[in-house]
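Participant: My questions will all concern the structure given below.
The values are calculated or read from the model by the stated rules, or taken from the named source; none is laboratory data. All values reported here derive from a predicted model rather than from experimental measurement. Glycine gets a Cβ as well: all are built from the backbone with ideal geometry, and neighbour counts include every protein chain shown.
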Amino acid sequence: MKTIIRLSVLLLWFFNASGQAPLSLGSITNLYDAFGKERPGVAFDFGFSCIINYNGTIILFDAGSNADTFARNVKALGIDLARVDLAVVSHSHFDHLNGMDYLLQVNPGVKIYYPNDIFWGADVPFDATGQEPSIGDSLPKEMRYFGGGATKFSIKQSGRFWEANVEYVKTSKEIAPGIKLIATTSPFLGYFNRYPNLSFVPGVFNDNNNNQSKANEAGLPELSLSLATPSGEILIVGCSHSSVEKITAATREFTKQSIQLLYGGFHLLPYKREEMSGMIHYLKDELGVREVAPAHCSGHLAFKMFGDAYGSGFHFAGLGETVRF
């Protein structure tokens, strides 16, 4: 049945009502955001989610702040989450994650891709040696970790969604023909980076000398989604905590392709006009991003300045809007 539905979708994509020229190869619809046109039954909220139709594969990217609001918007927009083939969550912040509970009610077996984030359930490399390692030798066996066994080990967690079909992604990879996950790390956000002289997790937290060269490894893991088209990559970002420029550059490096469309949350609320102008120039003229569709945390100033800079290459991507590619 799913094959028949996919075929029908493909036919709708490739032929318009008169059976003439192709309309698009795919589409992105914003399911969760704080701006957009008024629509019956749809609620604005600060958060982000979108659904992508790509060559018959239905992809949910992020799921908003509130599962009830997410469910309301999905129903009001006529979206059937049971048809979702795979889901990607960009990062661990509440405004991109919490609607996943509703997705799993509707589609419990769906494949979900998460960043390799230990606070979601990824395996944790752990060092419980502590200070003065030899002190353990003086303790009775029942007071020693694992009865005197290794104090450096890996913890296999159940994770938040412990029965879900989850894969934790460490590095950029292609997960299906034309569908790539771009893994980056935010240098601005992380977990326990300032904890003094401590390294519970080797290679994740600062080392015992508070070595700042490892600080980026402790940053917030983030995933973006890149889709191949004949005209270039369609790049979908969640909140761009890694910086939208870094994500775009990483996508170009991994795919070896140009960026046709950059869609999603650019996280530019902290940027002033001068900073924004330089960043837009870098994206447009140096990284070669041809079209943009800023949403979520991009901010009012970004909406205005990207619109002015890109003209017809700017797409309005408010709640309920569909951008075709």
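Participant: Please specify each residue of segment 51-91 satisfying the condition of being in contact with a Leu (Cβ under 7 Å, 6 or more places away or on another chain), touching a residue at least 40 places away in the same chain (Cβ under 8 Å), part of a loop (DSSP other than H, G, I, E, B) and closer than 26 Å to Pro221 by Cβ.
Facilitator: Ala63, Val89, Ser90, His91
Participant: Taking Asn30 as the residue in question, decide whether it is touching a strand residue (DSSP E or B) at 6+ places or on another chain (Cβ under 8 Å) and modelled with pLDDT under 95. Please lay out each step first, then the result.
Facilitator: Values: touching a strand residue (DSSP E or B) at 6+ places or on another chain (Cβ under 8 Å): yes; modelled with pLDDT under 95: no.
No.
Participant: Starting from residues that are aliphatic (A, V, I, L, M) and not in a helix (DSSP H, G or I), keep the ones in segment 101-123 and report whichever is nearest to the chain's Cα centre (by Cα).
Facilitator: Result: Ile112.
Participant: Among the residues of segment 100-117, are any closer than 18 Å to Asp33 by Cα, hydroxyl-bearing (Ser, Thr, Tyr) and modelled with pLDDT of 95 or more?
Facilitator: Yes; the residues of segment 100-117 include at least one that is closer than 18 Å to Asp33 by Cα, hydroxyl-bearing (Ser, Thr, Tyr) and modelled with pLDDT of 95 or more.
Participant: Continuing with the same structure: Answer yes or no as to whether Arg39 is touching a residue at least 24 places away in the same chain (Cβ under 8 Å), of a type in the set (Lys, Arg) and under 22 Å from Ile234 (Cβ atoms). Explain how you work it out, then say what you get.
Facilitator: Values: touching a residue at least 24 places away in the same chain (Cβ under 8 Å): yes; of a type in the set (Lys, Arg): yes; under 22 Å from Ile234 (Cβ atoms): no.
Against the criterion (touching a residue at least 24 places away in the same chain (Cβ under 8 Å), of a type in the set (Lys, Arg) and under 22 Å from Ile234 (Cβ atoms)), Arg39 does not qualify.
Participant: Which one of these is out of contact with any strand residue (DSSP E or B) (no Cβ under 6 Å at 6 or more places or on another chain), surrounded by 15 or more Cβ atoms within 10 Å (Cβ to Cβ) and more than 27 Å from Tyr54 (Cα to Cα): Gly278, Gly318, Gly299? Step through it out loud before you land on a result.
Facilitator: Details: Gly278 fails: surrounded by 15 or more Cβ atoms within 10 Å (Cβ to Cβ); Gly318 fails: more than 27 Å from Tyr54 (Cα to Cα).
One residue alone meets the criteria, Gly299.
Participant: Within segment 241-256, is even one residue within 17 Å of the chain's Cα centre (by Cα), assigned to a loop (DSSP other than H, G, I, E, B), surrounded by 15 or more Cβ atoms within 10 Å (Cβ to Cβ) and of a type in the set (Phe, Trp, Tyr)?
Facilitator: Looking through segment 241-256, none of the residues is within 17 Å of the chain's Cα centre (by Cα), assigned to a loop (DSSP other than H, G, I, E, B), surrounded by 15 or more Cβ atoms within 10 Å (Cβ to Cβ) and of a type in the set (Phe, Trp, Tyr).
Participant: Can we say Gly136 is at positive phi and out of contact with any helix residue (DSSP H, G or I) (no Cβ under 6 Å at 6 or more places or on another chain)? Before you say what the answer is, go through the steps one by one.
Facilitator: Details: at positive phi: no; out of contact with any helix residue (DSSP H, G or I) (no Cβ under 6 Å at 6 or more places or on another chain): yes.
It is false that Gly136 is at positive phi and out of contact with any helix residue (DSSP H, G or I) (no Cβ under 6 Å at 6 or more places or on another chain).
Participant: Which count do you get for residues in segment 162-177 that are part of a loop (DSSP other than H, G, I, E, B) and surrounded by 18 or more Cβ atoms within 10 Å (Cβ to Cβ)?
Facilitator: The number of residues fulfilling the criteria is 2.
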